[in-house]
Amino acid sequence: TILSHLTLAPSTSWLVILLVAKYWSAGSLWPGLAQQARARGLDTNIIADVADGNRPRDPDAAQAIAYDFVQALLAGTRLDDATFAHARDVLGFAGMVELPAILGFMTMVSLSTNVFASRLGAADAIDQ
């Protein structure tokens, strides 16, 4: 999969995955994604913050800039120069390229889930 050969730390990648699933209200995905995120080192408090729609408390530097980067893209805005430079400094150029790749992949997964899951009887667990 797209997640097999990333330079980003798994906890940072899985933060992005959860942010996208939350953004698209892909609730039927949430339990499995949250479990995978925990297994890959994402702090349970950060998972809870994302589930509640809040900025994560106490993220590491990579998670903090990944959050800002992804939130800007999901809001439909361009990255400002300061955010771009900070992301490059913290994540490196390869990590910066990986963020929108993960975002795009998970958007496709989330939208597909939203279209088909309700027709298959999946519960919407993320909003509960």
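The values are calculated or read from the model by the stated rules, or taken from the named source; none is laboratory data. Note that the structure is predicted; figures quoted are calculated from it, not measured. All Cβ positions, glycine included, derive from the backbone under ideal geometry; neighbour counts span all protein chains shown. With ligands, DNA and RNA removed, areas are computed over all heavy atoms of the protein, side chains included. Shrake-Rupley method; radii C 1.70, N 1.55, O 1.52, S 1.80 Å.
Heavy-atom accessible surface of the chain, averaged per residue, reaches 53 Å², computed with a 1.4 Å probe.
Exposed loop positions in the chain were taken to be trypsin sites (Lys or Arg not before Pro) whose DSSP state is not H, G, I, E or B and which have at most 13 other beta-carbon atoms within 10 angstrom. Between these positions, the longest stretch is 1-56. Sorted on the mean count of surrounding Cβ atoms within 10 Å across their residues, most packed first, peptides 67-74, 8-15, 23-30 read 8-15, 23-30, 67-74. Both radii are taken from the alpha-carbon atoms of the chain; with Rh as the Kirkwood radius, Rg/Rh is 0.96. Solvent-accessible area assigned to carbon and sulfur over the chain amounts to 55 percent, based on a 1.4 Å probe.
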